[in-house]
Amino acid sequence: MSEAERRHKRYMVPEGSMASQHVRVKGLFGVLRGWSVCRIKDLSAAGVMVLAERQLAIGDEIEIRLVDRSGESLHFDGQVANVGRDHREERFKIGIALDVASENVKESQFLNSLAKRFKEVL
């Protein structure tokens, strides 16, 4: 997909800009396996690109937990849209479509302020 075809601007999340970043599959299987450490590569209002050591499958319903440097915790729900491999970092590159409900005020405000916090991916 070219940049002109994208509906949302993507923002690069520098390594170390968040205190912690975790991902897990929803449901019983996710509770049993627990949270997996990940790294957010880039983020938009519609989705997130995650680098993780644990492979997820297309269609998996997942949860993402981010804790910023001030200690504020953000929780996002989403669905895995694509899976690839980042050979430089030897991790799985996972594209996740976010589902942010209007009642999640903190998360909505965070996504609306991405341009103030991070640099746009060119």
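So the values come out like this:
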{"quantity": "Checklist (1) of a type in the set (G, A, S); (2) out of contact with any Asp or Glu (no Cβ under 7 Å at 6 or more places or on another chain); (3) buried (at least 18 other Cβ atoms within 10 Å of the Cβ) applied to G78, failing item", "calculated": "(2)"}
{"quantity": "Selection status of L114, within 14 Å of R10 (Cβ to Cβ), out of contact with any helix residue (DSSP H, G or I) (no Cβ under 9 Å at 6 or more places or on another chain) and buried (at least 16 other Cβ atoms within 10 Å of the Cβ)", "calculated": "yes"}
{"quantity": "Filter pass, S70 being under 14 Å from the mean Cα position of the chain (by Cα) and among the hydroxyl-bearing types (S, T, Y)", "calculated": "no"}
{"quantity": "Residues satisfying the stated conditions in region 100-111, i.e. at pLDDT 85 or above and loosely packed, with under 13 Cβ neighbours inside 10 Å", "calculated": "K106, Q109"}
{"quantity": "Residues of region 32-66 satisfying the condition of being touching a strand residue (DSSP E or B) at 6+ places or on another chain (Cβ under 8 Å) and more than 26 Å from E120 (Cα to Cα)", "calculated": "R33, G34, W35, S36, R54, Q55, L56, A57, I58, G59, D60, E61"}
{"quantity": "Which numbered condition R39 fails, given (1) closer than 15 Å to L98 by Cβ; (2) modelled with pLDDT of 90 or more", "calculated": "(1)"}
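Let's see how each residue does on (1) under 12 Å from the mean Cα position of the chain (by Cα); (2) in contact (Cβ under 8 Å) with a residue 12 or more places away in the chain:
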residue: L51; (1), (2): yes, yes
residue: A57; (1), (2): no, yes
residue: E63; (1), (2): yes, yes
residue: H75; (1), (2): yes, yes
residue: V83; (1), (2): no, yes
residue: H87; (1), (2): no, no
residue: I94; (1), (2): yes, yes
residue: L98; (1), (2): yes, yes
residue: K119; (1), (2): no, yes
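The values are calculated or read from the model by the stated rules, or taken from the named source; none is laboratory data. None of the values given here were measured: they were computed from a predicted structure. In this analysis, Cβ positions are derived from the backbone assuming ideal geometry, glycine residues included, and neighbour counts consider all displayed protein chains.
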